[in-house]
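These notes concern the structure reproduced below.
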Amino acid sequence: ADTAMYHAKARGRARAEVFDDHLRAGNLARLDTVNALRRALDTGELHLHYQPEVDLTTGHWLGFEALLRWERPDQGLVLPEQFVPVAEDSGLIIPIGAWVLREAAAQLRAWQDERPGVDLTVAVNISARQLADPALPKVVASAIGTAGIDPRRLKLEITESVIMEDVAASQRALEALRSQGVRLVVDDFGTGY
């Protein structure tokens, strides 16, 4: 009944939905994804790929954006749009997001060690659930401190729609993050509000 109710709300409210084999299969698939994601974090199935950010006028590399990928042993590459919403809904995005921050900061440190004097940045996407988590500033500070990177080299990308979900809470979180010296970037600006 609960699944049917949420399905009805997602399809526009003021309507009736029946729990059937289709909804049951969707629930089972989601549960399988949640359980597999829990294992993925512990078994090294999650990886970061880095998309370069380049100054088009000079051709110089400015930095990279960390992109989360999941190589599932039984299915191969799972696209982010197939697992990130499940991670967000289940709360797994909190430990996964912390892992992403640690890995991206460590990779930035490695690049800086390889090329001293080159000021690269690394951008990491922050989800709505992460932004609402009061522990986020501590997680960010820990990733920066452990890797030994300049906080100004870390860019946190937050979509406009995430910020607008709870403006007051977002403002508090963003101020706490900004006070650490990290750079804040509004992603997908102008596409929502």
Could you give P(r) for the range 127-186, binned at 10 Å from zero, as whole percent values over all Cα-Cα pairs? 24, 58, 18, 1
Can you classify the range 66-109 as rounded, prolate or oblate using the Cα gyration tensor, where a ≥ b ≥ c are the square roots of its eigenvalues, rounded means a/c under 1.5, and otherwise it's prolate if a/b beats b/c and oblate if not? oblate
For the range 103-183, what relative contact order do you get, as a whole percent, if you take Cα pairs closer than 8 Å and at least 6 residues apart? 37 percent
At 0.36 nm per residue, minus the direct Cα-Cα distance, what do H60 and V167 gain on full extension? Give it in nm, one decimal, please. 34.9 nm
With all protein chains present, the range 81-193 has a carbon and sulfur share of its accessible area (1.4 Å probe) in percent of 51 percent
With a 1.4 Å probe and all protein chains kept in place, how do L156, L41 rank by accessible area, largest first? L41, L156
Given the protein chains as shown and a 1.4 Å probe, how many square angstrom of H60 are accessible, to the nearest 10? 120 Å²
Which three extents, in whole angstrom, do the alpha-carbon atoms of the range 89-148 cover along their principal axes, largest first? 40, 17, 14
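The values are calculated or read from the model by the stated rules, or taken from the named source; none is laboratory data. Just so it is clear, the structure is predicted and the values come from calculations on it, not from any experiment. Heads up: the accessible areas ignore ligands, DNA and RNA and are worked out on the full protein's heavy atoms, side chains in. Shrake-Rupley method; radii C 1.70, N 1.55, O 1.52, S 1.80 Å.
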